[in-house]
Amino acid sequence: MKLYEFQGKALFRRFGIATPDGVLHRKGDVLTGDRPCVLKAQTLSGGRGKAGAVVLCETEADRGAALEKILSMTLKGEPVNAALEEERVEIEKEFYISIAFDGEAGVPLIIASASGGTDIEEVADKHPEKILKLPFDSLIGPLDYHLSRVVKFLSTKRTKELTGLLKKLYIAYRDLNAALVEINPLAETPNGFVALDAKVELDDDAESLHSELFDALRKERSEITGRTVIAQRDTITYVPLDGDIGLISDGAGTGMLTLDMIRDHGGYAADFCEMGGLTNPEIMYSALERVSASEKPLRSLLVVLIGGFNRMDEMAEGIVKFVSERAFTKIPLVVRLCGTMEEEGKKIMRDAGLSVYDDLDDAVGAAVVGGGL
Ligand code: ADP
Ligand code: MG
């Protein structure tokens with residue numbers, strides 16, 4: 001689960017990492033009082049500084065106008081529904097530090113650079129030598145020599161303070177079972193280090209260890225987006241992608257094939273969502289909930305089912321229940337089903353006034369043009 005900056009910063013503070021004081025604003029909020037501040041769009045994607053969604057304000061008029069402007073923006077397809085107002089920090093130097101799990105190597109890494117800030121991608125691209133990637137043992141954690149290497153690489157006079165901060169960041173990473181904790185920039189200020197940005201990604205597979213935290217974070221996200229944010233069920237694999245065609249399949253192979261077919265038809269999928277080998281109406285319902293709650297607007301929702309172990313009458317039951325209970329009519333729904341209990345499944349769909357496709361290519365074509373029901 002990816003967190004907003006304000007959520008990441010709240011978690012950092014729990015672990016003793018300093019952040020600027022801040023308050024969250026929503027659409028319709030009126031700002032009063034005259035003080036220099038920074039207003040920052042709250043979205044799950046980065047690059048806000050470069051997109052003009054981080055604004056330094058001097059006066060009350062500035063703040064009001066900046067808030068209005070930020071809340072009318074859409075960043076990388078994501079509408080901005082909240083902005084964080086923060087105290088303005090005097091920056092002497094911007095560092096980059098993060099701890100992330102390297103899935104390929106199977107080890108966690110400390111990543112650090114003395115060239116932090118909004119140009120970090122360019123630094124990584126053009127000057128990889130300016131970025132240190134230090135693996136450490138995931139059971140033992142970083143040892144003193146790891147930390148001193150990072151501190152030396154970043155060359156600051158505040159060695160003790162930076163060592164302490166790295167330890168806190170590691171404890172946050174470990175205790176939250178995070179996939180990523182990133183501070184970019186970590187600002188060196190006349191009063192020490194302050195995390196000016198926070199990117200935290202929690203590991204969905206560790207939800208059972210932090211169920212209250214996940215619920216609270218999800219509730220906050222629902223309040224901001226105005227949409228229900230659904231828990232990821234165990235059997236459902238969900239990977240968000242960049243396109244606008246919601247996709248649900250009942251097998252990974254079918255899902256991959258359909259992704260390719262969507263591309264062949266000139267479309268882009270909004271996700272890869274696979275329900276696992278053995279499904280039931282509840283899982284079908286949850287998958288529809290999950291994909292239709294996409295933060296980006298969908299052109300269509302394509303459901304591709306091949307009944308082997310799965311029964312098409314049960315899948316149809318889940319679809320019909322979802323469409324009627326949720327009054328799901330705004331997004332065209334394109335369903336293709338075949339295999340076990342196919343005729344029964346089709347009858348349930350038709351009795352409910354929903355049509356089904358026989359041919360996969362036809363269904364994909366309909367989803368790409370935003371057609372369907
Ligand atoms: P993003 O990574 O999405 O571009 P950041 O939160 O990193 O957004 O902000 C971009 C830049 O804005 C930072 O590199 C920093 O220079 C500046 N900035 C952000 N927050 C503050 C703050 N509270 N005080 C002063 N400058 C800030
Ligand atoms: Mg940043």
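Things to note:
- Over every Cα atom in the chain, the radius of gyration and the widest Cα-Cα span, Dmax, amount to 23.7, 74 Å.
- Extended-chain gain in nm, criterion 0.36 nm per residue less alpha-carbon gap, R174 and M256: 26.2 nm
- Two-site FRET efficiency, E223 against K321, from Cβ-Cβ distance with R₀ of 30 Å, rounded to 0.05: 0.65
- Theoretical FRET efficiency, 1/(1+(r/R0)^6), r = Cβ-Cβ of E161 and A61, R0 30 Å, to 0.05: 0.20
- With 0.36 nm allotted per residue and the present C-alpha distance subtracted, the L278-F328 stretch has 15.5 nm of extension available.
- Over segment 21-87, relative contact order from alpha-carbon pairs under 8 Å, at least 6 apart, %: 49 percent
- Within straight-line cross-link reach of K346, aspartates and glutamates at Cα separation under 15 Å, skipping those fewer than 8 residues along the same chain: D313, E314, E317, D358, D359
- Stretching S148 away from R35 to a fully extended chain increases their span by 36.8 nm, per 0.36 nm per residue minus the current alpha-carbon distance.
- Of K167/K199; K27/K296; K40/K157; K76/K130, pairs whose Cα-Cα distance is over 23 Å: K40/K157; K76/K130
- Fraction of accessible area attributable to carbon and sulfur, the chain (%, probe 1.4 Å): 51 percent
- Charge dipole of the chain (Cα centre as origin; +1 on each Lys and Arg Cβ, -1 on each Asp and Glu Cβ, all else neutral): 1020 debye, rounded to the nearest 20.
- Ordered from largest to smallest accessible area (heavy atoms of protein chains, 1.4 Å probe), the residues S155, S113, S211, S45 come out as S155, S211, S45, S113.
- Selection from G370, T254, Y238, by position along the positive dipole direction of the chain (Cβ): Y238
- Entry comment: accessible area of segment 94-243 is 53 Å² per residue, from protein heavy atoms only and a probe of 1.4 Å.
- The chain, relative contact order [Cα under 8 Å, separation at least 6], %: 13 percent
- Hydrodynamic radius (Kirkwood) for segment 21-87, which is based on Cα pairs only, to one decimal in Å: 11.7 Å
- Volume per residue of the C-alpha convex hull in segment 1-144, rounded to whole Å³: 152 Å³
- Prolate/oblate/rounded label for segment 237-369 (Cα gyration tensor, a/c 1.5): rounded
- For the chain, adding -39500 (n - 2.57) for each run of n ≥ 4 DSSP H residues and dividing by the number of residues yields -11000 deg cm²/dmol at 222 nm.
- Dipole moment magnitude, nearest 20 debye, segment 237-369 about Cα centre, only Lys, Arg, Asp, Glu C-beta charged: 340 debye
- FRET E, pair D125, D351, Förster distance 45 Å, beta-carbon r, rounded to 0.05: 0.20
The values are calculated or read from the model by the stated rules, or taken from the named source; none is laboratory data. As the structure is a computational prediction, the values presented were derived from the model and not from experiment. Reconstructed Cβ throughout: ideal geometry from the backbone, glycine too, with neighbour counts over all protein chains shown. For the accessible areas, the whole protein counts, side chains as well, though only heavy atoms, and no ligand, DNA or RNA atoms are used. Shrake-Rupley method; radii C 1.70, N 1.55, O 1.52, S 1.80 Å.
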